[in-house]
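Q: Supplied in structure tokens, the structure appears directly below.
Each reported figure results from applying straightforward, stated rules to the coordinates on display, with no laboratory input. Nothing here was measured: the structure is a model prediction, and the numbers come from that model. Please note: Cβ atoms are built from the backbone with ideal geometry, for glycine as well, and neighbour counts cover all protein chains shown.
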Amino acid sequence: SIVSLPYGIAHAQGQVGSLDRPLLDAFPEFADLRTEPARMRILVKHALTMTMGTEWNEDLPYTDPQNGERQMEAAADRYRFVLDRPLVAAPGERWNYNGGATAVIAKLVSRGTGRPLLDFAQEHLFAPLGITDVEWFTDREGEPKAASGLRLRPRDLAKIGQLVLQRGRW
């Protein structure tokens with residue numbers, strides 16, 4: 001939920017492209033995945049709404065090696081891992097919690113804005129709300145663990161909740 005807010009801000013600024021474009025268009029380094037027509041139907045909006053239609057299981061405890069987020073974190077390339085998951089449903093057909101989708105959206109923000117996710121979020125989301133105590137854990141490459149690495153104080157999460165309830169007005 002938090003990562004979608006900087007994405008929305010970057011989208012409003014024209015920095016991240018259309019919600020209706022194929023997700024793989026944002027990852028030219030994975031040209032080999034573009035050869036599968038069904039995979040090209042996964043749009044950016046499907047990642048935002050966690051309706052990508054790919055195999056992903058975070059119902060398992062994080063200690064279980066079959067947990068999707070744990071597998072993503074152990075993969076040589078987290079984005080390839082997320083984008084190359086087997087298709088199990090048509091994109092947009094059903095919701096499935098997917099921390100990998102969150103990681104992909106975070107990458108779109110950093111690529112589109114040319115800034116690290118935390119820097120962009122601090123300037124455009126956290127600072128305007130008066131949120132100063134933020135920690136975002138990173139992986140071994142320094143990428144933010146967008147699906148589970150953000151730490152905020154409860155009162156600051158409440159500010160974000162209020163912002164959402166007020167449809168982006170503060």
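Q: Helix-derived [θ] at 222 nm for the chain: sum -39500 (n - 2.57) over DSSP H runs of at least 4, divide by residue count, nearest 500? Working shown, then result.
A: Details: 7 runs with 59 residues, N = 170.
Taking each H run of at least 4 residues, the total per residue is -9500 deg cm²/dmol.
Q: Right, next: Excluding residue 16 itself, what net charge comes from residues whose Cβ is under 13 Å from its Cβ, given Lys and Arg +1 and Asp and Glu -1? Walk me through the numbers on the way to the answer.
A: On the way: positive: 21, 45, 107, 111, 115; negative: 20, 25.
Within the 13 Å Cβ shell, the charges total +3.
Q: On to the next question. Within region 119-163, list the chymotrypsin sites (Phe, Trp or Tyr not before Pro) lying in a DSSP loop whose Cβ has at most 15 other Cβ atoms in a 10 Å radius. Write out the running numbers ahead of the final one.
A: Values: sites: 120, 126, 136, 137; in loops: 137.
Loop-located and lightly packed - 137.
Q: Another question, then. Which of these, 111, 155, 85, has the largest mean-square fluctuation under a Gaussian network model of the chain (Cα springs below 10 Å)?
A: Taking springs between Cα atoms under 10 Å, the residue moving most is 155.
Q: Further question on the same structure: Could you give the spread of the C-alpha atoms of region 1-78 along their three principal axes, from largest to smallest, in whole angstroms?
A: Here the Cα extents, ordered largest to smallest, are 39, 32, 21 Å.
Q: Could you give me the radius of gyration and the Dmax of the chain, taking only the C-alpha atoms into account and expressing both in angstrom?
A: 15.8, 47
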